[in-house]
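Right, one structure below, let's go through it.
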Amino acid sequence: MSKYHASRAILVLESPWELDDKDANRSSVIPFIEGVAKLTGDTEVHYANFYDERSFQIALDCLCKGELESRIVYIAAHGHQKRVAGVDILKLLSRVAEKSRRYHIDGVLLGSCFVGEHTATMEVCLEESRLRWCIGYSAATYWLDASLIDCAILAAMSRLEHDDFLERDVPIETLAEALQLFDPQALIGEDYGGASVALQDAMSFVLQLRGRGQRARNVTGQVWEARG
């Protein structure tokens, strides 16, 4: 008997949130992402928890199996400064980059506070890999609000094909479309000092097009300009 396999997957690597003192691994992005997969069609959700650098590697190895046309990695965990779940973001992104060619990983969405402000690190990890994009938050974002934005981005970027990354316009316009329902001036979180931060100032977008000599670029301004 033949087995059904989708051609795409969203790989969710999630660390326990503990949003309150009674959150015994209750909170999870999984129900949201499963909804995205059903909406987009031909998409599976592959999921694993991680707790530190070693368990992240084990989880990623577990999820990177089989032959698919494309994958997106969604890292969902608490972030602070340059660390996600206590692990340097450079180490996590480097692990994903190493697997990007073999397992056709197109992009990484960092559902973590603050790490998106380190766009230079994101650019370094994209270059010399198959990764085409990386998105992150540069503030401490509200959990539900950010999860809804993540869903919109994942749904939109899941539709892109390999050749859509030959030109800058398609991915930028796709991201702009995903953000259409969200007010750029809406308060989405706080900075390190506790001051409110608007959505437009709380996200970073890095893009690397296909082709020899292409470099990873911070396209945050272009995305918001296209959003209008």
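The numbers here are math on the coordinates, done by the rules we state, and not lab data. Keep in mind that what you see is a predicted model, and the values were worked out from it rather than measured. Every residue, glycine among them, receives a Cβ derived from its backbone with ideal geometry; neighbour counts consider all protein chains shown.
Of note:
- Likely footprinting exposure, VAL87, VAL73, fewest C-beta neighbours within 10 Å first: VAL87, VAL73
- Take the chain and mark each of the trypsin sites (Lys or Arg not before Pro) that is in a DSSP loop with at most 10 other Cβ atoms within 10 Å; the longest unmarked stretch, sites excluded, is 103-211.
- Shape call, the range 118-179: gyration tensor on alpha carbons, a/c limit 1.5: oblate
- Taking every DSSP bridge with both residues inside the chain, close to 40 percent are antiparallel.
- Anisotropy class of the range 108-228 from Cα gyration tensor, a/c 1.5 cut: prolate
- In order along the range 137-143, phi translates into HN-Hα couplings of 9, 9, 9, 7, 8, 6, 4 Hz, rounded to whole numbers, per the Karplus curve 6.51 cos²θ - 1.76 cosθ + 1.60 with θ = phi - 60° and x for Gly and Pro.
- Less than 5 angstrom separates the built amide H of VAL219 from those of PHE205, VAL206, LEU207, all sequence-distant by 5 or more or on a different chain.
- Net length gained if the chain between GLU67 and GLU225 were fully extended (0.36 nm per residue, minus Cα distance): 53.2 nm
- Net length available on complete extension from PHE32 to SER94 is 19.7 nm, with 0.36 nm assigned per residue and the Cα-Cα distance removed.
- Computing FRET efficiency as 1/(1 + (r/R0)^6) for ILE58 and ASP191, where r is the C-beta to C-beta distance and R0 is 30 Å, gives about 0.35.
- The gain in end-to-end length when the LYS82 to ASP169 segment is fully stretched comes to 28.4 nm, 0.36 nm per residue minus the alpha carbon separation.
- Between the range 151-228 and the range 1-72, the Cα center-to-center distance that results, in Å: 22
- Packing here is the average count of other Cβ atoms within 10 Å per residue, and on that basis the peptides 135-141, 182-188, highest first, run 135-141, 182-188.
- For ARG130, the amide hydrogen comes within under 5 Å of the amide hydrogens of SER100, ARG101, counting only partners 5 or more places away or on other chains and with H modelled in the peptide plane.
- With the gyration tensor restricted to C-alpha atoms of the chain, the semi-axes of the equivalent ellipsoid amount to 24, 22, 18 Å, longest first.
- Helix-derived mean residue ellipticity, 222 nm - over the chain, DSSP H n ≥ 4, -39500 (n - 2.57), to 500: -10000 deg cm²/dmol
- Calculated FRET efficiency for the pair ALA120/ASN25, C-beta based, R₀ 30 Å, to 0.05: 0.35
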